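Below: the structure, in structure tokens.
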Amino acid sequence: MASTLAPITSTLAAVTASAPPKYDNLWMLILGFIIAFVLAFSVGANDVANSFGTAVGSGVVTLKQACILASIFETVGSALLGAKVSETIRKGLIDVEKYNATQDLLMAGSVSAMFGSAVWQLVASFLKLPISGTHCIVGATIGFSLVAKGQEGIKWSELIKIVMSWFVSPLLSGIMSGILFFLVRAFILRKPSLWSSHQTLAFPSAQHIV
């Protein structure tokens, strides 16, 4: 969610940095806000399954409950912890100083990146393909900057770090998931006698109360 709104932040910064303000570009800012909401919708349509797909599939929560929880926690998470991610997307991937004399180009590129990312995520959602919204917006931002300024417009060191995190994250997640499942299986699933004794004590008490 935070990475979704980063390009519109860049567009807004480009508008406010102009002195005097260029009201001719106001339409682009308004269009950017509209596309940002479409992009946020596409992110929710595709990425929310990553968070709640297993919970809904296993019957832990219903689809309605998952939608409510996703609305709350994704909004809170993006508001409290999304600033640094937005900053990386906004000016950590591309060298914004290259656009000091061509702020209109940066605005158009940011809007184009959001539009391209939104379209692909909507298409992927219709095709039932789980993809990453972060991958989409990073790729779209890199793409427009390569076309606009060439290789010198990209901060390759930061891009390498991001790409490396894409490989490290699944590995670390798999390790943590394996450790957690091992602990649950060892101390909960393989202790039926303890659970049975608790049931034996609890059920008569419940019957007396009723």
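No lab work stands behind these numbers, since they all come straight from the coordinates. Fair warning: this is a prediction, and the values are worked out from it, not measured in the lab. Ideal geometry is used to build each Cβ from the backbone, glycine not excepted, and the neighbour counts take in all protein chains shown.
Odds and ends about this structure:
- For Val43, Val38, Val61, order by how many other beta-carbon atoms lie within 10 Å, fewest first: Val61, Val38, Val43
- For Leu172, Leu39, Leu106, order by how many other beta-carbon atoms lie within 10 Å, fewest first: Leu172, Leu106, Leu39
- Counted by neighbouring Cβ atoms within 10 Å, the residues Thr54, Thr134, Thr102, Thr141 run from fewest to most as Thr54, Thr102, Thr134, Thr141.
- All Cα-Cα distances of the range 2-154, cut into 5 Å bins from zero to the largest, leave 2, 9, 18, 20, 19, 13, 9, 5, 3, 2, 0, 0 percent in each bin in turn.
- Amide H contacts of Ile154 (H built 1.01 Å from N, under 5 Å, at least 5 apart or other chain): Asp95
- Sequence-distant contacts, meaning Cα pairs under 8 Å at least 6 residues apart, place the relative contact order of the range 2-154 at 39 percent.
- Counted by Cβ distance under 15 Å from Asn46, the other residues give a net charge of -1, where Lys and Arg count +1 and Asp and Glu count -1.
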